[in-house]
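My questions will all concern the structure given below.
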There are 2 protein chains.
Amino acid sequence: MMGEFDLIREYFTREPQRPESLLAVGDDAALLQVPPGHELAMTVDTLVAGRHFHEHAAAEDIGWKCLAVSLSDLAAMGAQPSGFTLALTLPNANREWLTRFSQGLFDIADRHQMDLLGGDTTRGPLSVTIAAHGLVPAGQALRRSGARPGDLIAVTGTLGDAALALDLGSHATQALAARLHRPEPRVGEGQALRGHASAVIDLSDGLAGDLRHILKASKVGARIELAKLPRSDDFRRMRNQVPRLFPTDASLHYQLSGGDDYELCFCLPPGQLEWAREAMPGQFTLIGEITAGSSLQWVDVSGAQAKLALGGYDHFSGQGS
Amino acid sequence: MMGEFDLIREYFTREPQRPESLLAVGDDAALLQVPPGHELAMTVDTLVAGRHFHEHAAAEDIGWKCLAVSLSDLAAMGAQPSGFTLALTLPNANREWLTRFSQGLFDIADRHQMDLLGGDTTRGPLSVTIAAHGLVPAGQALRRSGARPGDLIAVTGTLGDAALALDLGSHATQALAARLHRPEPRVGEGQALRGHASAVIDLSDGLAGDLRHILKASKVGARIELAKLPRSDDFRRMRNQVPRLFPTDASLHYQLSGGDDYELCFCLPPGQLEWAREAMPGQFTLIGEITAGSSLQWVDVSGAQAKLALGGYDHFSGQGS
């Protein structure tokens, strides 16, 4: 009943900290002041139990990941995170679950100084929708549409860890499991790339699918060197510990179409490479380059075009060669 | 699969129309430019099948009502609606349902010149979350906290129609059913009240509960004359066509705690009454006044305090006298 759900608000009512957050939870709407010379980046994501996380997953991890997903979108725009609203649908108001969920949520919110500006709680099957917003200097947002032939293609961090952890289940190392349950969105890197990268996207569905969004928006093609895809130490060690699901190397499945990486894929005009090496040392790996045309080519270690049979989602079928 | 849900985006991708909508669906986040001297009002609401609407309700009505609920919140802040994001969770991608849902959604969006700026579609039990935003001149948002003793209390339109229509089911008149399925948020009235009303809230849970939010935020009490609660012609005619659920007059249940009115309740300093009569002729009804203290008193036609036994939600128990 309402009384119970009124209680829930107690777990999520905190005084806003940021100067642009004028009014938070407690009125008909929140009020935000966008500083002069800035634009607002806005994104919305829903995570549903049984689809994006296990119904019995640790509540603090669910809270963390829900906001991490949105932060990754803001990072890919080059935005400074500012705040978010939370729409929480719950089968019931379990105090322990709420305590832990809000703890995970505010852990990552605090790390990025984000205010919770409003919310709605409803009874129903467990799902979480977060609408997050961030500030970006006017005209400097990082879009998907600016890549040009000759631009270098880079990714932050390593790829495939989260997807491998999901398949490994309880056999995953702590480092791999953290990549799945507590992704660290590349917020600082995104802001650093403003004025330097020609196109940026965050990797949530896997590089193969997400890179295509850049190619389509920028009307270009790409050539990716498979041997250069960055792998973590634990990934190298554990990647063959799960039953082979694919005829080719399973590593490529995890790295290209596994999803849940929450790294940034960005394009750099060659003249920006020196800047990047100084400003983001050790934080990115070059994996290929933008080409004219519209095809996405995968190149193996011998330099030959690789034919990939990527499993997973619909949108890969018939592609990847 | 993703392919199917990629298709869904086609139903919701339209070019933004408003000057402040810089970038809509199709990148990692949308971009919004808040004009100088303005603040952004933001609200989020989730509607879940089986709780806020019947799973087999007309899809165009669901689309309409989801946005109407958020528009009513923006109206209560005195904001000019600007845009929204949509998070849609669906058991499957039924083309006819999507066509009709998007039609109802864009019908009301167009009426208020709102842009759809972004979205997320997920497979799961049917639910809709809308995060809407609007513009308000800096410092002029209508809050809940400004009511002072002696202020007049008014409501727009009529109360109780939607709740009565819900109980009447297929016996409801067309006018009553429209109030339930196609509420008309008081957007124009909300903007007109800027600089005049001392406190405003939108009526979604019913006057008894919602007015208490103003009293609490403003640290005041109120006296409401029950005989003055505005009733529509159809409400007067049909209100006794449903089995009596309450010991007292069922009309009061519908008007005070039925919910789903989406009218505005506002407080007017007495000196603003003349302005209101000229600026909003026939668009509001005076129903009582703000008092010192913190109690909410109901007064019957004889001027005596009425003892109400309001059914419905938890938060009324032990109150209302």
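Find the residue count for the stretch B:20-32, including only residues that are under 16 Å from A:Val34 (Cα atoms) and either in a strand (DSSP E or B) or at pLDDT below 85 (or both).
First pass over the stretch B:20-32, keeping only residues under 16 Å from A:Val34 (Cα atoms): B:20-22, B:30-32.
Of the ones still in play, those that are also either in a strand (DSSP E or B) or at pLDDT below 85 (or both) are B:21-22, B:30-32.
Count: 5.
Consider the stretch B:140-165. How many of its residues are in a loop (DSSP other than H, G, I, E, B) and either touching a strand residue (DSSP E or B) at 6+ places or on another chain (Cβ under 8 Å) or among the basic types (Lys, Arg) (or both)?
Residues flagged as in a loop (DSSP other than H, G, I, E, B) and either touching a strand residue (DSSP E or B) at 6+ places or on another chain (Cβ under 8 Å) or among the basic types (Lys, Arg) (or both) within the stretch B:140-165 amount to 14.
Considering each of A:Ala162, A:Ala79 in turn, give the residue that is surrounded by 21 or more Cβ atoms within 10 Å (Cβ to Cβ), farther than 23 Å from B:Leu126 by Cα and within 14 Å of chain B (Cβ to nearest Cβ).
Details: A:Ala162 fails: within 14 Å of chain B (Cβ to nearest Cβ).
When all the criteria are applied, what remains is A:Ala79.
Working only within the stretch B:179-216, note down all residues that are touching a Gly at 6+ places or on another chain (Cβ under 7 Å), open to solvent by 30 Å² or more (accessible area, probe 1.4 Å) and assigned to a helix (DSSP H, G or I).
Once the filter is applied, which keeps residues that are touching a Gly at 6+ places or on another chain (Cβ under 7 Å), open to solvent by 30 Å² or more (accessible area, probe 1.4 Å) and assigned to a helix (DSSP H, G or I), the stretch B:179-216 yields only B:Gln191.
In addition: Which members of the stretch B:287-297 meet the condition of being hydrophobic (A, V, I, L, M, F, W, C) and open to solvent by 60 Å² or more (accessible area, probe 1.4 Å)? If you could, list the steps in order and put the result at the bottom.
Initial filter on the stretch B:287-297 (hydrophobic (A, V, I, L, M, F, W, C)): B:287, B:290, B:292, B:296.
Within the stretch B:287-297, B:Ala292 is the sole residue that qualifies.
A further question follows. Among the residues of the stretch B:89-100, is there at least one that is within 9 Å of another protein chain (Cβ to nearest Cβ), more than 22 Å from B:Ala163 (Cβ to Cβ) and either buried (at least 20 other Cβ atoms within 10 Å of the Cβ) or not hydroxyl-bearing (Ser, Thr, Tyr) (or both)?
Keep residues of the stretch B:89-100 that are within 9 Å of another protein chain (Cβ to nearest Cβ), which gives B:89.
Right, trim to more than 22 Å from B:Ala163 (Cβ to Cβ) and you get B:89.
If we keep only those that are either buried (at least 20 other Cβ atoms within 10 Å of the Cβ) or not hydroxyl-bearing (Ser, Thr, Tyr) (or both) too, we end up with B:89.
Checked the stretch B:89-100: at least one residue is within 9 Å of another protein chain (Cβ to nearest Cβ), more than 22 Å from B:Ala163 (Cβ to Cβ) and either buried (at least 20 other Cβ atoms within 10 Å of the Cβ) or not hydroxyl-bearing (Ser, Thr, Tyr) (or both).
Among the residues of the stretch A:166-173, is any under 30 Å from A:Arg239 (Cα atoms), open to solvent by 10 Å² or more (accessible area, probe 1.4 Å) and either in a strand (DSSP E or B) or within 13 Å of chain B (Cβ to nearest Cβ) (or both)?
no
Considering each of A:Arg100, A:Arg111 in turn, give the residue that is among the charged types (D, E, K, R) and free of Cβ contacts under 8 Å to residues at least 40 places away in the same chain. Don't jump to the end; show me each part of the working.
Details: A:Arg100 fails: free of Cβ contacts under 8 Å to residues at least 40 places away in the same chain.
Every option except A:Arg111 fails the conditions.
Same structure, new question: Only residues that are under 25 Å from A:Ser21 (Cα atoms), hydrophobic (A, V, I, L, M, F, W, C) and without any contact (Cβ under 8 Å) to a residue 60 or more places away in the chain: list them for the stretch A:67-97, please.
Matches in the stretch A:67-97: A:Phe84, A:Ala87.
Now a separate question. Suppose we filter the stretch A:92-118 for residues that are within 23 Å of A:Ala75 (Cβ to Cβ) and not in a helix (DSSP H, G or I); how many remain?
Of the residues in the stretch A:92-118, 7 are within 23 Å of A:Ala75 (Cβ to Cβ) and not in a helix (DSSP H, G or I).
Right, next: With respect to A:Pro35, determine if the residue is in contact with an Asp or Glu (Cβ under 6 Å, 6 or more places away or on another chain), more than 7 Å from chain B (Cβ to nearest Cβ) and part of a loop (DSSP other than H, G, I, E, B). First the steps, then the outcome.
Values: in contact with an Asp or Glu (Cβ under 6 Å, 6 or more places away or on another chain): no; more than 7 Å from chain B (Cβ to nearest Cβ): yes; part of a loop (DSSP other than H, G, I, E, B): yes.
Judged against the criteria, A:Pro35 is not a match.
Exactly one condition in (1) within 20 Å of B:Ala162 (Cβ to Cβ); (2) in a helix (DSSP H, G or I); (3) open to solvent by less than 40 Å² (accessible area, probe 1.4 Å) is not met by B:Arg237; state its number.
Against the list (1) within 20 Å of B:Ala162 (Cβ to Cβ); (2) in a helix (DSSP H, G or I); (3) open to solvent by less than 40 Å² (accessible area, probe 1.4 Å), B:Arg237 comes up short only on (3).
I need the full set of residues from the stretch B:193-220 which are more than 11 Å from chain A (Cβ to nearest Cβ) and under 15 Å from B:Ser72 (Cβ atoms), in order please. Reasoning before the result, please.
As a first pass, look at the stretch B:193-220 and keep what is more than 11 Å from chain A (Cβ to nearest Cβ): B:193-198, B:207-208, B:211-212, B:215, B:218-220.
Correct list: B:Leu193, B:Leu207.
Could you run through the stretch A:119-139 and say how many residues are of a type outside the set (A, V, I, L, M), in a loop (DSSP other than H, G, I, E, B) and within 8 Å of chain B (Cβ to nearest Cβ)? Steps first, answer last, please.
Taking the stretch A:119-139 first, the residues of a type outside the set (A, V, I, L, M) are A:119-125, A:127, A:129, A:133-134, A:137, A:139.
When the remaining residues are screened for being in a loop (DSSP other than H, G, I, E, B), the result is A:124-125, A:139.
Then drop every residue that is not within 8 Å of chain B (Cβ to nearest Cβ), which leaves A:124-125.
Qualifying residue count, the stretch A:119-139: 2.
Does B:Gly157 count as buried (at least 20 other Cβ atoms within 10 Å of the Cβ) and modelled with pLDDT of 95 or more? Talk me through it step by step, then tell me what you get.
On the way: buried (at least 20 other Cβ atoms within 10 Å of the Cβ): yes; modelled with pLDDT of 95 or more: yes.
Yes; evaluated as a whole, the condition is true for this residue.
Any residue in the stretch A:16-44 that is touching a residue at least 12 places away in the same chain (Cβ under 8 Å) sitting within a Cβ distance under 6 Å of a residue that is surrounded by fewer than 19 Cβ atoms within 10 Å (Cβ to Cβ) and outside any strand (DSSP E or B)? List the pairs, counting only those 6 or more apart or interchain.
Hits for this filter: A:Glu20/A:Gln33; A:Val25/A:Thr13; A:Gly37/A:Ala138; A:Glu39/A:Ala138; A:Glu39/B:Gln33.
Quick one: is A:Arg14 facing chain B (nearest Cβ under 9 Å) and of a type in the set (Lys, Arg)? Break it down stepwise before answering.
Numbers: facing chain B (nearest Cβ under 9 Å): no; of a type in the set (Lys, Arg): yes.
In short, no.
Taking only pairs six or more apart or across chains, which ones have beta-carbon atoms under 8 Å, a first residue in the stretch B:264-279 that is within 26 Å of B:Leu71 (Cβ to Cβ) and open to solvent by 10 Å² or more (accessible area, probe 1.4 Å), and a second residue that is assigned to a helix (DSSP H, G or I) and not basic (Lys, Arg)?
Filtered contacts from the stretch B:264-279: B:Ala279/B:Ala192.
Going through B:Met2, B:Met42 one at a time, which residue ends up being at pLDDT below 85 and facing chain A (nearest Cβ under 7 Å)?
Numbers: B:Met42 fails: at pLDDT below 85.
After applying the criteria, what remains is B:Met2.
Exactly one of these conditions fails for A:Trp64: (1) over 26 Å from B:Arg212 (Cβ atoms); (2) more than 22 Å from the chain's Cα centre (by Cα); (3) among the aromatic types (Phe, Trp, Tyr). Give me its number.
(2)
So for the stretch A:47-58 (the condition being more than 30 Å from B:Leu142 (Cα to Cα), of a type in the set (Gly, Ala, Ser), crowded, with 24+ Cβ neighbours inside 10 Å and more than 8 Å from every other protein chain (Cβ to nearest Cβ)), does at least one residue qualify? Spell out the reasoning first.
We begin by selecting, within the stretch A:47-58, every residue more than 30 Å from B:Leu142 (Cα to Cα); these are A:47-58.
Now restrict to residues that are of a type in the set (Gly, Ala, Ser): A:49-50, A:57-58.
Within this subset, residues satisfying the condition of being crowded, with 24+ Cβ neighbours inside 10 Å are none.
Checking the stretch A:47-58: not a single residue is more than 30 Å from B:Leu142 (Cα to Cα), of a type in the set (Gly, Ala, Ser), crowded, with 24+ Cβ neighbours inside 10 Å and more than 8 Å from every other protein chain (Cβ to nearest Cβ).
For B:Asp300, work out the one condition from (1) surrounded by 13 or more Cβ atoms within 10 Å (Cβ to Cβ); (2) within 19 Å of B:Leu226 (Cα to Cα); (3) at pLDDT below 85; (4) in contact with a helix residue (DSSP H, G or I) (Cβ under 6 Å, 6 or more places away or on another chain) it doesn't fulfil.
Of the numbered conditions (1) surrounded by 13 or more Cβ atoms within 10 Å (Cβ to Cβ); (2) within 19 Å of B:Leu226 (Cα to Cα); (3) at pLDDT below 85; (4) in contact with a helix residue (DSSP H, G or I) (Cβ under 6 Å, 6 or more places away or on another chain), the odd one out for B:Asp300 is (3).
Moving on. When you check A:Phe284 against the structure, is it modelled with pLDDT of 90 or more, within 14 Å of chain B (Cβ to nearest Cβ), touching a strand residue (DSSP E or B) at 6+ places or on another chain (Cβ under 8 Å) and surrounded by 14 or more Cβ atoms within 10 Å (Cβ to Cβ), yes or no?
No.
Moving on to the next point. Return yes or no: is B:Leu211 in contact with a helix residue (DSSP H, G or I) (Cβ under 6 Å, 6 or more places away or on another chain) and farther than 21 Å from B:Gln241 by Cβ? I'd like the intermediate steps shown before the answer.
On the way: in contact with a helix residue (DSSP H, G or I) (Cβ under 6 Å, 6 or more places away or on another chain): no; farther than 21 Å from B:Gln241 by Cβ: yes.
When the stated conditions are applied, B:Leu211 does not pass them.
Restricting to the stretch A:217-229, give me the number of residues that are outside any strand (DSSP E or B) and in contact with a helix residue (DSSP H, G or I) (Cβ under 9 Å, 6 or more places away or on another chain). Before the answer, list the steps.
Within the stretch A:217-229, the subset outside any strand (DSSP E or B) is A:217-220, A:226-229.
Narrowing further to those that are in contact with a helix residue (DSSP H, G or I) (Cβ under 9 Å, 6 or more places away or on another chain): A:220, A:226, A:229.
Residues meeting the conditions: 3.
Turning to a different aspect of this structure: Residues of the stretch A:168-180 being out of contact with any Phe, Trp or Tyr (no Cβ under 8 Å at 6 or more places or on another chain) and not hydroxyl-bearing (Ser, Thr, Tyr), which ones?
Taking the stretch A:168-180 first, the residues out of contact with any Phe, Trp or Tyr (no Cβ under 8 Å at 6 or more places or on another chain) are A:168-175, A:177-180.
Those that are out of contact with any Phe, Trp or Tyr (no Cβ under 8 Å at 6 or more places or on another chain) and not hydroxyl-bearing (Ser, Thr, Tyr): A:Leu168, A:Gly169, A:His171, A:Ala172, A:Gln174, A:Ala175, A:Ala177, A:Ala178, A:Arg179, A:Leu180.
Okay, moving on. Which one of the conditions (1) at pLDDT 95 or above; (2) within 12 Å of chain B (Cβ to nearest Cβ); (3) open to solvent by 30 Å² or more (accessible area, probe 1.4 Å) does A:Asp107 fail to meet, given that it meets all the rest?
With (1) at pLDDT 95 or above; (2) within 12 Å of chain B (Cβ to nearest Cβ); (3) open to solvent by 30 Å² or more (accessible area, probe 1.4 Å) applied to A:Asp107, the lone miss is (2).
Could I ask something else about it? In the set B:Leu23, B:Leu71, which member is closer than 21 Å to A:Ser70 by Cβ and either within 12 Å of chain A (Cβ to nearest Cβ) or crowded, with 19+ Cβ neighbours inside 10 Å (or both)?
B:Leu23
The values are calculated or read from the model by the stated rules, or taken from the named source; none is laboratory data. Everything quoted here is computed from the prediction, not taken from an experiment. Reconstructed Cβ throughout: ideal geometry from the backbone, glycine too, with neighbour counts over all protein chains shown. The area values use the complete protein model at the heavy-atom level, side chains included, leaving out ligands, DNA and RNA. Shrake-Rupley method; radii C 1.70, N 1.55, O 1.52, S 1.80 Å.
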